Amino acid sequence: MTFHSMWTELLTIGRSSASGGYRRFAWTSADAECRAWFKAQAEARGLTYELDRNGNQWAWLGDPAAGDAVVTGSHLDSVPDGGAFDGPLGVVSSFAALDELRARRAEFTKPLAIVNFGDEEGARFGLACVGSRLAAGELGAEQAHRLTDGDGVTLPRAMEAAGYDPDAIGPDPERLGRIGAFVELHVEQGRALDLSGDRVGIASAIWPHGRWRFDFRGEANHAGTTRLVDRRDPMLSYAETVLAARREAQLAGAVATFGKIAVEPNGVNAVPSLVRGWLDSRAADQETLDTVVAGVERAAREYAAAHGVDLDVVRESFTPVVEFDHALRDELARILGRDSGKDTGLKVPVLGTGAGHDAGILSGSIPTAMLFVRNPTGVSHSPAEYAAEDDCVAGVVALADVLEGLACT
Ligand SMILES: [Zn+2]
């Protein structure tokens, strides 16, 4: 099986003909097809297939119980109308890298496993990285049992319908304890590699990020009869705050987005009484993020006061920075940077990312690292997500080099 043939097989699963995007949500038939594909790939290579208590799939070369295993993989599920690469590129590249190592007649001194983590995107139940969070004990079984999809189906019922046992879910320290290093290859979800002209990069950290709710409260009134000077219109201060967020983020080299808004009474001929906007902001470090959010809030308070509008700001969620294991990251840089006698054309920039991953969840329990493959438009979570096959193959070679360096020495 070449990279190309594996890739082509997966392309048809869960694809919407209307949007051209993927709808591979946890515990649906598209998810089951992806899982069957993973199992078939494991069996075709003579690997030992395991399904863990949380629905994550593993394919082992060597004895899983031996310990200090090197594990690679990613996820096969998608966001609504997602692209083909986010997740599957890491899983397909893992199998292709193993094939490459076998062609090189590499001799493994450690067990190697390929993993497909379940429900990474959280598209159905609203929480990302459910499979890895459960395994790492970051999400409790009781909490997971309460997760409900948009149709009112709970996670346990969805798991049962797919033939899995929801009562089995929970922390899996024994399984994670077998792992000495986890390396996730992923399509880049930005343009850093395109701008630097590199095919492959190494992750430094996942940026700290959070969500803040801004409630601007004014006074509902008639859009035709209320004089401008008499209005307490929260839309004006909200609009000015959106511009302030853009300005603060630009100044700090961060990102800030108001992507969701709720308006009351939400009438075309009414001055609004409430504008509720959600700010998502991310930055390379905590201090920068604090500066951006404080700047946006200060501006919002000034604009609100100027329009006679009340403002409440609530932090709804926050995830601190995830620094990938420095020793493992340096080891990857050493492996990929060394003169191997082959001209792989690889240089290896080290870059941060604003997106969350299973590798970030696991980094609290085990040494983890990530490789990124160039995405020329930087677009992700959209059918336009793309990586050239040449770059994908360079990613496979880089991953094979890394696995060889970690598991064959
Ligand atoms: Zn992903």
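The values are calculated or read from the model by the stated rules, or taken from the named source; none is laboratory data. Nothing here was measured: the structure is a model prediction, and the numbers come from that model. Using ideal geometry, Cβ is built from the backbone for each residue, glycine included, and neighbour counts are taken over all protein chains shown. What goes into the accessible areas is simple: the full protein's heavy atoms, side chains included, and nothing from ligands, DNA or RNA. Shrake-Rupley method; radii C 1.70, N 1.55, O 1.52, S 1.80 Å.
The residues of the range 52-94 have, on average, 18 Å² of accessible surface per residue, using a 1.4 Å probe with all protein chains present.
Ligands, DNA and RNA are left out, and with a 1.4 angstrom probe the accessible area of the range 276-388 is 47 Å² per residue. Ligands, DNA and RNA left out, the accessible area of the range 161-215 computed with a 1.4 Å probe is 47% carbon and sulfur.
Here the accessible area of the range 245-329 is 49 percent carbon and sulfur, with a 1.4 angstrom probe and all protein chains present. Largest mean-square fluctuation among Phe372, Phe125, Phe324, in a Gaussian network model of the chain whose springs join Cα atoms under 10 Å apart, belongs to Phe125.
Rg/Rh for the chain (Cα atoms only, Rh after Kirkwood) is 1.03.
Send over the semi-axes of the range 75-183's equivalent ellipsoid, whole angstrom and largest first, taken as the square roots of 5 times the C-alpha gyration tensor eigenvalues.
That gives 30, 18, 11 Å for the three semi-axes.
Computed over protein heavy atoms with a 1.4 angstrom probe, the accessible surface ordering of Trp207, Trp27, largest first, is Trp207, Trp27. Each of Trp58, Trp212 has its accessible area taken with a 1.4 Å probe; listed largest first, they run Trp212, Trp58.
Overall, the accessible surface of the range 25-141 at a probe of 1.4 angstrom is composed of carbon and sulfur to the extent of 49 percent.
Counted by Cβ distance under 9 Å from Ser74, the other residues give a net charge of -4, where Lys and Arg count +1 and Asp and Glu count -1. Max-minus-min Cα coordinates of the range 148-231 on each principal axis give 70, 47, 21 Å, with the largest extent listed first.
Give, as a single signed number, the net charge of other residues whose beta carbon lies under 10 Å from the beta carbon of Phe85, with Lys and Arg counted +1 and Asp and Glu -1. Mind showing how you got there, number by number?
Values: positive: none; negative: Asp86, Glu188, Glu385.
Residues near Phe85 contribute -3 overall.
The Cβ shell under 12 Å around Thr377 holds other residues with a net charge of -1, Lys and Arg each +1, Asp and Glu each -1. Dividing the convex hull volume of the alpha carbon atoms of the range 188-242 by its residue count gives 144 Å³ per residue. Build a GNM of the chain with springs between Cα atoms under 10 Å: which of Gly224, Gly150, Gly356 gets the top mean-square fluctuation? Its mean-square fluctuation being the largest, the pick is Gly224.
Please compute the contact order of the chain in relative form: average sequence separation of alpha-carbon pairs under 8 Å and at least six residues apart, divided by the residue count, as a percent.
Relative contact order, the chain: 22 percent.
Just checking the listed ones, Thr154, Thr72, Thr368: in the Gaussian network model of the chain with Cα springs under 10 Å, the one fluctuating most is Thr154.
Extension gain for the segment Glu302 to Glu316, taken as residue separation times 0.36 nm less the Cα-Cα distance, is 2.8 nm to one decimal.
Among bridges DSSP assigns within the chain, what percent are antiparallel (round to 5)? DSSP beta bridges in the chain are roughly 70 percent antiparallel.
Once the chain from Ala36 to Ser382 is taken as fully extended at 0.36 nm per residue, the excess over their C-alpha distance is 122.1 nm.
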